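To start, the structure under review is shown below, and the notes come after it.
Just so it is clear, none of the values below were taken in a lab; they were calculated from the coordinates. Here the structure is a predicted model, which is why all the values come from computation and not from measurement. Note that each Cβ is placed from the backbone with ideal geometry, even for glycine, and that neighbours are counted across all protein chains shown.
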Amino acid sequence: MDQRAIVDLLAKSALFGPLPEPDLTAIAARMRRVDFEPDQMIFSRGDASREMYLVLVGRIRLSILSSDGRELSFAHAGPGNIFGEIATLDGGERTANATAITKVQTMALPQKAVLELIENNPKVAQAAIRFLCTRLRETDQRLEAIALHRIEVRLARLLLSALRLQEPASAGQNVALDLGMSQGELALLIGASRPKVNIALTLLQDMGAITRNGSKLSCNTEVLHSIAEME
């Protein structure tokens, strides 16, 4: 992938998106290509941080292990997403495990380069602060959803989030969505079991919110929004 394409992906990322193109070009110039195989562990919770990653191709699972040894996945990173940024920004240990779900191509930005960019460019520092505040709000909302909302509500919200990532302006009765993940992965993301996710998918289908063809869905965004807003 050429530098122009990398700059375009950085412009779409939550962390660097607010920056002007010259700053994005400078960041892209400091990055190096790193690839991973399916099921490869990229880093583990507690590891020392050395770099953050921009996903070019593929999907990453971000997870932690519960006290009883169960894997709890709280997010995926796909093309255009950045992961590994928290520990890279504060110099602490990794806060989660990162595992390649598919074959993955990334661009890595070393911690030294990140800190130099923050020190020398106030716009980068401001972007990092905004990004971390957004992440904190998202974490609070996710914990609230798991604690307070029924599984079909959490699932509807996840599907709407996936649709926004795929195409921000997508809306209608037959919006295509390829989740690219199993029901087990869905279960990890919304804090439920796989059988309960299957029941919730069936319920959403019965309510007219989706039709299913494996991992490929046809979504009615109006119905999904009405379910997502249920208490």
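With a 10 Å Cβ neighbour count serving as the proxy for reagent exposure, in which order, fewest first, do Glu152, Glu37 appear? The partial results should precede the final answer.
On the way: Glu152 22, Glu37 10.
Going from sparsest to densest Cβ surroundings: Glu37, Glu152.
Using 16 Å as the cut-off for backbone N distance, which residues of region 37-67 belong to the label zone defined by a point 7 Å from the Cα of Leu115 along Cα→Cβ?
Backbone N within reach: 48-52.
How about Lys216: which lysines have a C-alpha closer than 21 Å to its C-alpha, ignoring those fewer than 8 places off in the same chain?
Here the lysines satisfying the reach criterion relative to Lys216 are Lys103, Lys196.
Could you name the lysines in cross-link range of Lys112, using Cα to Cα under 24 Å and dropping any fewer than eight places away on the same chain?
In chain and number order, the partners are Lys12, Lys123.
Which order, highest average first, do 122-129, 80-87 follow once you tally other Cβ atoms within 10 Å for each residue and take the mean per peptide? Intermediate values should be presented prior to the final figure.
Working: 122-129: 15.1, 80-87: 21.4.
Listed from highest to lowest mean packing, they are 80-87, 122-129.
Which value at 222 nm does the chain reach when only helices count, each DSSP H run of 4 or more adding -39,500 (n - 2.57), with the total divided by all residues and rounded to the nearest 500 deg cm²/dmol? Write out the running numbers ahead of the final one.
Numbers: 9 runs with 107 residues, N = 231.
Computed ellipticity for the chain at 222 nm equals -14500 deg cm²/dmol.
Could you tell me how many degrees, from 0 to 90 and to the nearest 10, lie between the Cα long axis of helix 3-12 and the main elongation axis, the longest principal axis, of the Cα atoms of the chain?
Roughly 50 degrees between the two axes.
Suppose we look only past 20 Å in the calculated P(r) of region 3-146. What percent of the Cα-Cα pairs does that tail hold? Can you show the working numbers first?
Working: 4769 of 10296 pairs.
Percentage above 20 Å: 46.
For Ile210, what residues show an amide H to amide H distance below 5 Å, using hydrogens built from the backbone and excluding near sequence neighbours?
For Ile210, the qualifying residues are Gln205, Asn220.
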